[in-house]
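S.K.: Here's a structure for you.
The values are calculated or read from the model by the stated rules, or taken from the named source; none is laboratory data. This structure is a prediction, so every number in the text was calculated from the model and none was measured. Cβ: placed from backbone, ideal geometry, glycine included. Neighbour counts: every protein chain shown. Each accessible area value is taken on the protein alone, full model and side chains, heavy atoms only, with ligands, DNA and RNA left out. Shrake-Rupley method; radii C 1.70, N 1.55, O 1.52, S 1.80 Å.
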Amino acid sequence: MAFFQQNADPAALNMPSNRTRLILKTAAATLLAAAALGAAGGYVVFMAGWYNIGATAQHTQPVHDLLEQGMRASVERRARGIDAPPGLMAAPRIAAGAVVYRDKCAQCHGAPGFAQSDHGKAMQPVPGPLVDVARRWKPGELYWITRNGIKMSGMPAWEFHLADDELWDVVAFMQQMPMLTPAAYRNITAASAARPATPAAGPSLPPDAKRGRIALAQHACQSCHIVPGVTGPRVFVGRSLDGLAKRKFIAGTLPNTQDNLVRWIRDPHGVDPHTPMPVLGVSERDARDMTAYLLTR
């Protein structure tokens, strides 16, 4: 026995036995089969219409808790390194943020002494009140949420609709909101003037096609058009934007150049007073980024 131990191959001694390998293979095969059956079952449930997507059918509490925890972990990870600007809690910034909150947030989240609007109450998951939000989230995390939104929750991304200063303004106000009575909230929103709207960055920046794809989604272009690379419904309200770079004219009249496409996106009624294309309030920078993306598709 001693002779065998001294001359045995160390690698052979460390190799798993045939029985161990068989157990591992069986376990892996069982997990794969279970995953395949689960996916097939889920597909049947969805395609048969058994899953109730109505907003009156709430998530079960375990599903809600799981989604909530996943959302929190995602935000915490992506908000690392975001520091609040100096003077975040300055009175003018809080006052400006109160008006932004009144105009953009209170409809879904309510305010001191004021409930959400009807659509805010009826959303699933319900967008809860933010009176205590400063105890649950750091300022950088609140900024990230406000700027980027929360997928599949109804929380919009405000990056393309508010200037960066306005985003921090509303974060500052949310820090102050727990100290406000209903009367104080009425006073601060009635007496305050919103910060003048300014683009997040000047139009002198070079067009950014990657940012343009996001801007197209954030201005809801996919709600009427099929936009290459942008997820959305298969709708045909407006003409597909695929292959736009190959077209000779925009709206049937303008030569297809980037400047003309920017003009059309920002002021369609100035080009064609009868067009159903709405005015979306797209900034110069967003329009140039959007055209940079579209003209490469």
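S.K.: Mind ordering 33-40, 249-256 by average Cβ neighbours within 10 Å, highest first?
M.R.: Values: 33-40: 10.0, 249-256: 13.4.
The densest-packed peptide leads the list: 249-256, 33-40.
S.K.: Now for a different question. Please compute the Cα-Cα pair-distance distribution of the stretch 233-294 with 5 Å bins starting at 0, giving whole percents from short to long.
M.R.: 4, 18, 27, 29, 19, 3
S.K.: Would you work out the relative contact order for the chain, in percent, from Cα pairs under 8 angstrom that are 6 or more residues apart?
M.R.: Normalised by residue count, the contact order of the chain is 15 percent.
S.K.: Using a 7 Å offset from the Cα along the Cα-to-Cβ direction at both Ala73 and Asp267, what is the distance between the two label points in nm, to one decimal?
M.R.: 5.1
S.K.: While we're here: Name the residue farthest towards the positive end of the dipole of the stretch 160-296 from the options Trp264, Cys224, Pro206, assuming +1 on Cβ of Lys and Arg, -1 on Cβ of Asp and Glu, about the Cα centre.
M.R.: Cys224
S.K.: Take the solvent-accessible surface of the protein heavy atoms, probe 1.4 Å, and return the percent of it on the stretch 154-297 that carbon and sulfur atoms account for.
M.R.: 57
S.K.: Which ³J(HN,Hα) values in Hz, rounded to whole numbers, follow from the phi angles of the stretch 220-233 under the Karplus curve 6.51 cos²θ - 1.76 cosθ + 1.60, where θ = phi - 60° and Gly and Pro get x?
M.R.: 6, 4, 6, 6, 10, 10, 7, 10, x, x, 10, 5, x, x
S.K.: Can you tell me which of Gln258, Gln116, Gln61 moves the most in a GNM of the chain? Springs connect C-alpha atoms under 10 Å apart.
M.R.: Highest fluctuation among the options: Gln61.
S.K.: Now for a separate question. Just how large is the dipole of the stretch 139-297 about the Cα centre, in debye to the nearest 20, putting +1 at every Lys and Arg Cβ and -1 at every Asp and Glu Cβ?
M.R.: Result for the stretch 139-297 is approximately 620 debye, rounded to the nearest 20.
S.K.: On alpha-carbon atoms, Rg over Rh for the chain using Kirkwood Rh?
M.R.: With Rg and the Kirkwood Rh in hand, the quotient comes to 1.14.
S.K.: Starting at the first residue of the stretch 279-295, write each ³J(HN,Hα) from the Karplus equation 6.51 cos²θ - 1.76 cosθ + 1.60 with θ = phi - 60°, in whole Hz, x for Gly and Pro.
M.R.: These are the phi-based 3J(HN,Hα) values: 7, 9, x, 6, 6, 4, 5, 4, 4, 5, 5, 5, 5, 4, 6, 5, 7 Hz.
S.K.: Please give the length that would be gained between Val63 and Ala245 if that part of the chain were fully extended, namely 0.36 nm times their separation in residues minus their C-alpha to C-alpha distance (nm, one decimal).
M.R.: 61.1 nm is the gain from fully extending Val63 to Ala245.
S.K.: Give me the accessible area per residue for the stretch 116-267, probe 1.4 Å, as a whole number in Å².
M.R.: Value for the stretch 116-267: 55 Å² per residue.
S.K.: Return the distance in nm (one decimal) between the two label points of a simple spin-label model at Ile23 and Thr275, each offset 7 Å from Cα along Cα→Cβ.
M.R.: Spacing of the two 7 Å Cα→Cβ label points: 6.9 nm.
S.K.: Specify the residue with the greatest mean-square fluctuation among Ala217, Ala172, Ala287, computed from a Gaussian network of the chain linking alpha-carbon atoms under 10 Å apart.
M.R.: Comparing Ala217, Ala172, Ala287 in the GNM, the peak value goes to Ala217.
S.K.: Quick one: which residues, 5 or more positions from Ile150 or on another chain, have an amide H under 5 Å from its amide H? H modelled 1.01 Å from N in the peptide plane, none for Pro or chain starts.
M.R.: Distant-sequence amide H within range of Ile150: Met155.
S.K.: Let's see if you can work this out: charge +1 on each Lys and Arg Cβ, -1 on each Asp and Glu Cβ, no other charges. What is the dipole magnitude of the stretch 222-278 about its Cα centre, in debye to the nearest 20?
M.R.: The calculated dipole for the stretch 222-278 is roughly 160 debye.
S.K.: Another question, if that's okay. Calculate the dipole size of the chain relative to its Cα centre from +1 charges on Lys and Arg beta carbons and -1 charges on Asp and Glu beta carbons; express the result in debye to the nearest 20.
M.R.: Dipole about the Cα centre, nearest 20: 580 debye.
S.K.: What shape does the stretch 61-106 take by its C-alpha gyration tensor, where a ≥ b ≥ c are the square roots of the eigenvalues and a/c under 1.5 counts as rounded, a/b above b/c as prolate, and the rest as oblate? The partial results should precede the final answer.
M.R.: On the way: a/c = 4.48, a/b = 1.67, b/c = 2.68.
Oblate shape, in that a/c is at least 1.5 and b/c is the bigger or equal ratio.
S.K.: Test of understanding: in a Gaussian network model of the chain with alpha carbons linked when under 10 Å, which of Arg93, Arg21, Arg263 would top the mean-square fluctuation ranking?
M.R.: Arg21
S.K.: Still on this structure, please answer the following. So if each residue of separation counts as 0.36 nm, and I subtract the Cα-Cα distance between Asp259 and Val44, what length gain in nm does that give?
M.R.: Extra length from Asp259 to Val44 when fully extended: 72.5 nm.
S.K.: Let me ask something else about it. Hey, what number do you get for the chain at 222 nm if only DSSP H runs of n ≥ 4 count, each worth -39500 (n - 2.57), divided across all residues, to the nearest 500?
M.R.: -15000 deg cm²/dmol
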